[in-house]
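All remarks here apply to the structure that follows.
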Amino acid sequence: MTTFELSVPNEWDGLAPEWMTAALSRHHPDAVVDAVTVQLRDDGTNRRARLGLTYSSGPGPATVFVKGVDPAHRDLIRLTSGPFHEPRLFNSGVELPLEHPMVYAAVIDEPAEDFILVMEDLTARGADPRDATRPLTVEQAANAVQGLARMHGRFWGQRSGDDPALAWLEAFVPWPGMEAAPLEMAYAAIGDAATPEITSLTGESLFNGLWARYIRTLTKSPQTLLHGDPHIGNTYVLPNDEVGFLDWQVARRGNWSLDLGYFLLGALTVADRRSHERELLEVYRDALGLPADERPSADEVLLRYRASVAHGLALWLATASAGEAWQRPDIAVALAKRYATAYVDLDTPAALDAID
């Protein structure tokens, strides 16, 4: 995909039709946009909007979804994910063998630390965006796990390192600063899930100890292309129950366990996760499509899955401690509870001891 020699607009209200015509030209070469209207604005960590389009000639989508950096959160984005991984991924031409939104254009402004993605409006395909208040079924989770496995298998080991289109891909490493989170607020919010094993964790022991320790294992073991942030809030379900993944801003290189555990532990109810996680781990192994000498054993998958709880626990306790600053409290609390329960169920410290 090319960048179309377009600049990143400062404002999306009244976005020039000529700009949008150029952005759509790869997929809709005959389309000429004559008007752009903002139908929905939903800013969070990023600026996001649904735009309505009309045409003076040629066919094209009636709506598109656009995404870019919110200046108010630029420092947070720089610290945790960096602004350019998602547009670079979709500019790379690399085919991702799982369901994801089609991107019409990805434009980067490096000096301004800004970008804009012009994507399909998934509502046109009947997509149902999910969050922690609406967990996936076991069957839907199995579909998503198979998609992640296909992607991981495609880029397993040296396959990602040898692909020049992914030369920019960075390793997943710890970032500083989360140890300052007021965990007592999160512990109060998650209620019964705040067991002694959880409340004994301090900012130092959780973030600089448990979390950073797990993250460092990601580059000391088999690596692949990671989505990097596949929690349930970055998923959608199509009418045929196929599950897709949104928001590739944390795309990284690292051990597969981060994607698998972070997704699965948060996407299911605690009861469904407890009842079905072993079979879903085997679904993942089977879908990797790797030669027998490269495919991880069932024991290794289980061990690294158990260790991966550290990532979701740290991120969502930090989020739950921030009130409404980063995420709706009901979503943050629901996810923090799931990861906290899994931390105890799966004895994450023992798993980390075994792999570190």
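Out of the residues in region 208-226 that are more than 19 Å from the chain's Cα centre (by Cα) and at pLDDT below 95, which is farthest from GLU170 (Cα to Cα)? That would be GLY209. Of all residues in region 1-27 being assigned to a loop (DSSP other than H, G, I, E, B) and over 28 Å from the mean Cα position of the chain (by Cα), which is modelled with the lowest pLDDT? This residue is GLY14. For region 196-220, enumerate the residues that are open to solvent by less than 40 Å² (accessible area, probe 1.4 Å) and either in contact with a strand residue (DSSP E or B) (Cβ under 7 Å, 6 or more places away or on another chain) or not in a helix (DSSP H, G or I) (or both). Passing the criteria: LEU201, LEU218. Of the residues making up region 150-166, those that are of a type outside the set (D, E, K, R), modelled with pLDDT of 90 or more and buried (at least 17 other Cβ atoms within 10 Å of the Cβ) number 6. For region 232-257, the tally of residues that are open to solvent by 40 Å² or more (accessible area, probe 1.4 Å) and in contact with a strand residue (DSSP E or B) (Cβ under 6 Å, 6 or more places away or on another chain) stands at 1. Taking region 285-335 as the search range and keeping residues that are of a type in the set (S, T, N, Q) and not in a helix (DSSP H, G or I), which one is least open to solvent (accessible area, probe 1.4 Å)? Per the criteria, the residue is SER321. What's the number of the only condition in (1) under 13 Å from the mean Cα position of the chain (by Cα); (2) under 18 Å from ARG130 (Cα atoms); (3) open to solvent by less than 10 Å² (accessible area, probe 1.4 Å) that ASP229 fails to meet? Evaluating ASP229 over (1) under 13 Å from the mean Cα position of the chain (by Cα); (2) under 18 Å from ARG130 (Cα atoms); (3) open to solvent by less than 10 Å² (accessible area, probe 1.4 Å) leaves (3) as the failure. Of all residues in region 71-84, none satisfies being open to solvent by 30 Å² or more (accessible area, probe 1.4 Å) and either assigned to a strand (DSSP E or B) or within 14 Å of VAL237 (Cβ to Cβ) (or both).
Do you know which of the residues in region 167-195 that are part of a helix (DSSP H, G or I) and not hydrophobic (A, V, I, L, M, F, W, C) is most open to solvent (accessible area, probe 1.4 Å)? Once the filter is applied, the top-ranked residue is ASP192.
The values are calculated or read from the model by the stated rules, or taken from the named source; none is laboratory data. Since this is a predicted model, take the numbers as computed values, not measurements. All Cβ positions, glycine included, derive from the backbone under ideal geometry; neighbour counts span all protein chains shown. With ligands, DNA and RNA removed, areas are computed over all heavy atoms of the protein, side chains included. Shrake-Rupley method; radii C 1.70, N 1.55, O 1.52, S 1.80 Å.
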